[in-house]
1. Going by what's in this entry, would T197 be described as in a helix (DSSP H, G or I), at pLDDT below 95 and not assigned by TED's automatic domain parsing to the domain that holds A12?
2. Within segment 207-219, how many residues are surrounded by 13 or more Cβ atoms within 10 Å (Cβ to Cβ) and touching a residue at least 40 places away in the same chain (Cβ under 8 Å)?
3. Give segment 220-235 a look and list any residue that's out of contact with any Gly (no Cβ under 9 Å at 6 or more places or on another chain), without any contact (Cβ under 8 Å) to a residue 60 or more places away in the chain and over 19 Å from D30 (Cα atoms), or say none.
4. Condition first: closer than 30 Å to E274 by Cβ, modelled with pLDDT of 95 or more and of a type in the set (A, V, I, L, M). Now tell me which residues in segment 118-159 satisfy that.
5. When segment 229-288 is examined, which residues are found to be modelled with pLDDT under 95 and among the β-branched types (V, I, T)?
6. Inspect all residues belonging to segment 201-221 and state whether any of them is modelled with pLDDT under 95, part of a helix (DSSP H, G or I) and within 30 Å of E300 (Cβ to Cβ).
7. Taking L332, is it assigned by TED's automatic domain parsing to the domain that holds A125, of a type outside the set (V, I, T) and crowded, with 16+ Cβ neighbours inside 10 Å?
Amino acid sequence: MITVRPATDADAAAWQAFLESCSSGDFLHDWAWADVAAFDGQPQRRFLAEEDGAIVAVAAAQVRSLPLGRGFWYVPHGPVLDFDDPRAGERLRAVAIGLREAARAAKGIAIKLEPRLELGAAGTAHFRRLRHEPRTLQVGQTRLVDLGDDDAMLAGFDKDTRYAVRRAEREDVEVSRTDDPADARAIDELHGLVLETQARAGFPRPPLERYRTAWRALAGGGRASLFEARREGRLLASGMLVIEGDRSFYLFSGSVREERGEPKRYASYALQWEMMRHARDRGVRVHDLWGIAPEHAGPEHPWHGVGLFKKGFGGRPVAWAGTWDVVADRTLYRMRGMVESGRALARELAGRIGRRGG
């Protein structure tokens, strides 16, 4: 029999052990990520499914508040379970029912599930009775790189990336690592580089305290490291690596752009190379570069440049399967859908009018 219940602090170690053992899990379901969700104003409600005394699924729902005490629940890259297990469908149904009943009791309208499943994966069949949306709230594409010995990894890089890694070494770029959650200097300097990088790309400016919260939470559990690439003491690139079981994730990163006429130092390549080697030495098999442009996007896409950088490290592009909704209040869910459809239509009409010039 499968039972679903709220997780308590006493479940933290077992939750984390299950997450790390399950290929469909990542840091968005890390027990410590609740601190980041709370900072974002979307406090988590954690649930786990048990069978014969063992955890078989976990789901961390972030609650997005709506007017009149209502809420919409979102499960980023979850629920987490073994989708290849013969009983996966039954376990997913139990989790969906448990979340639906909990959401109803809390005046929730629906729960949006966004499992870490590849587009076209067999596991998506378990969701067939739910309403599917191909778009995702998280970045919808990534690149996964299999880690091995140095020669094998370098052989998987394209020739320009291999050159960049070796050139960085000749340019005396040195990469260091800190695992200390109390190292405020390192996370603050990373944030400064991210702001510089985001400004160049025209992206929103992430708040410093969010970075500090994520660093304290994940590094405090021994699952995050900060890497810094320097030349002659000057910080050129920095990034955070998160490890969950045999999977690693390239989370936050930023770099300095060379001035016109200044030699290229290829610090970001040295940084990524050392991250991958460290992850490999920690037992990681697959490195997730976390976010690329859609497959057929052109140079106009804001992630085009970073996607080309990541492509150089080999691996394969992956598109996630999308989201599925578990409805808790059908009336309000339909009303919300009509409102969203009306807004989408208004935006489309405004765009058409704008293109016609009035």
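1. yes
2. Counting residues in segment 207-219 that are surrounded by 13 or more Cβ atoms within 10 Å (Cβ to Cβ) and touching a residue at least 40 places away in the same chain (Cβ under 8 Å) gives 8.
3. Across segment 220-235, the qualifying residues are R230, G233, R234.
4. Correct list: L144, V145, L147, A152, M153, L154, A155.
5. V256
6. Taking every residue of segment 201-221 in turn, at least one turns out to be modelled with pLDDT under 95, part of a helix (DSSP H, G or I) and within 30 Å of E300 (Cβ to Cβ).
7. Considered against the rule, which asks whether it is assigned by TED's automatic domain parsing to the domain that holds A125, of a type outside the set (V, I, T) and crowded, with 16+ Cβ neighbours inside 10 Å, L332 comes out as yes.
Residues checked against (1) assigned by TED's automatic domain parsing to the domain that holds A279; (2) touching a Leu at 6+ places or on another chain (Cβ under 9 Å); (3) under 27 Å from I292 (Cβ atoms); (4) touching a residue at least 24 places away in the same chain (Cβ under 8 Å):
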site: V95; (1), (2), (3), (4): no, yes, no, yes
site: K112; (1), (2), (3), (4): no, yes, yes, yes
site: R116; (1), (2), (3), (4): no, yes, yes, yes
site: L154; (1), (2), (3), (4): yes, no, yes, no
site: R177; (1), (2), (3), (4): yes, yes, yes, yes
site: A184; (1), (2), (3), (4): yes, no, no, yes
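The values are calculated or read from the model by the stated rules, or taken from the named source; none is laboratory data. Small disclaimer: the values here were computed from a predicted structure and weren't measured. Note that we place each Cβ from the backbone using ideal geometry, even for glycine, and neighbour counts take in every protein chain shown.
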